[in-house]
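Chemist: Here's a structure for you.
The values are calculated or read from the model by the stated rules, or taken from the named source; none is laboratory data. Being a predicted model, the structure only gives us computed values, none of them experimental. Methodologically, a virtual Cβ is constructed for each residue, glycine included, from the backbone with ideal geometry; neighbour enumeration extends over all protein chains shown. Surface areas here come from the heavy atoms of the whole protein model, side chains and all, with no ligands, DNA or RNA. Shrake-Rupley method; radii C 1.70, N 1.55, O 1.52, S 1.80 Å.
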Amino acid sequence: MKKMNVKFQLFALVVFSTVLSFNSCKKNEEIAGLPVVTTMQATQITDRSVITGGLLKDIGSSEVTDAGICLNETGSPSVSDQKITMRTKATAPIDFSSIISGLKANTKYFARSYATNSKGTAYGDEINFTTKKASTFSASIGGVSYVATQIQVTKMSDMLVVTTSNGSKS
């Protein structure tokens with residue numbers, strides 16, 4: 001009788017742990033009350049910017065107060081990382097996208113959409129993209145060579161002013 005009781009307890013433990021592990025892996029759609037959001041692929045990737053966004057499919061059990069994109073350089077981005085709010089007080093379905101600028105050149109980023117309501121924050125699938133290498137500008141003026149990776153060109157009357165990322169002018 002004791003052998004049977006131990007086998008039953010072991011069986012019950014295996015079943016319980018299996019059920020528990022399946023429930024902990026639920027997607028946002030299955031967690032009651034959270035919004036449902038998907039992430040769109042990154043497009044128009046440059047050395048300093050990208051366009052991405054998401055689709056809010058369902059607001060969940062309460063009003064969505066914040067929706068957008070979060071990103072980082074390490075993976076599994078969250079709203080505690082860099083966050084770009086694209087919608088507040090959103091209804092579903094609605095898509096949102098934006099140009100995200102100020103990125104570093106030749107850098108791999110991880111991003112995903114998010115939506116927050118009173119029940120918590122839900123995330124879309126994670127995407128990744130790598131910004132392009134910085135373009136360079138070089139010139140030789142009066143025997144002095146200038147190389148810049150970030151430039152601003154301003155036309156003032158008949159004069160052309162080139163300002164490099166370190167502020168030197170030629």
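Chemist: Looking at this structure, is K89 under 20 Å from I59 (Cα atoms), in contact (Cβ under 8 Å) with a residue 12 or more places away in the chain and within 12 Å of the chain's Cα centre (by Cα)?
Modeler: no
Chemist: Need the failing condition index for L160 against (1) open to solvent by 90 Å² or more (accessible area, probe 1.4 Å); (2) of a type in the set (A, V, I, L, M, F, W, C); (3) at pLDDT 75 or above, just the number.
Modeler: Only one criterion is unmet by L160, namely (3).
Chemist: If you check A122, A111, which single one turns out to be open to solvent by less than 50 Å² (accessible area, probe 1.4 Å) and touching a helix residue (DSSP H, G or I) at 6+ places or on another chain (Cβ under 8 Å)? Spell out the reasoning first.
Modeler: On the way: A111 fails: touching a helix residue (DSSP H, G or I) at 6+ places or on another chain (Cβ under 8 Å).
It is A122.
Chemist: Restricting to region 92-103, count the residues that are in contact (Cβ under 8 Å) with a residue 40 or more places away in the chain and open to solvent by 30 Å² or more (accessible area, probe 1.4 Å).
Modeler: If we filter region 92-103 for residues that are in contact (Cβ under 8 Å) with a residue 40 or more places away in the chain, which is where we start, we get 92, 95-103.
Adding the requirement that they be open to solvent by 30 Å² or more (accessible area, probe 1.4 Å) leaves 92, 95, 97-99, 101-102.
Total satisfying the criteria: 7.
Chemist: Residue check: is S62 within 23 Å of L34 (Cα to Cα) and outside any loop (DSSP other than H, G, I, E, B)? Walk me through it before giving the result.
Modeler: Details: within 23 Å of L34 (Cα to Cα): yes; outside any loop (DSSP other than H, G, I, E, B): no.
So S62 fails the test.
Chemist: Residues in region 65-108 that are of a type in the set (A, V, I, L, M) and not in a loop (DSSP other than H, G, I, E, B): how many?
Modeler: Quick first cut of region 65-108, residues of a type in the set (A, V, I, L, M) only: 67, 69, 71, 79, 84, 86, 90, 92, 94, 99-100, 103, 105.
Subsequent filtering for residues that are not in a loop (DSSP other than H, G, I, E, B) retains 67, 69, 71, 84, 86, 90, 94, 99-100.
Selection size over region 65-108: 9.
Chemist: For region 36-76, how many residues meet the condition of being crowded, with 20+ Cβ neighbours inside 10 Å, out of contact with any Ser or Thr (no Cβ under 6 Å at 6 or more places or on another chain) and over 10 Å from S113 (Cβ atoms)?
Modeler: Here the count works out to 6.
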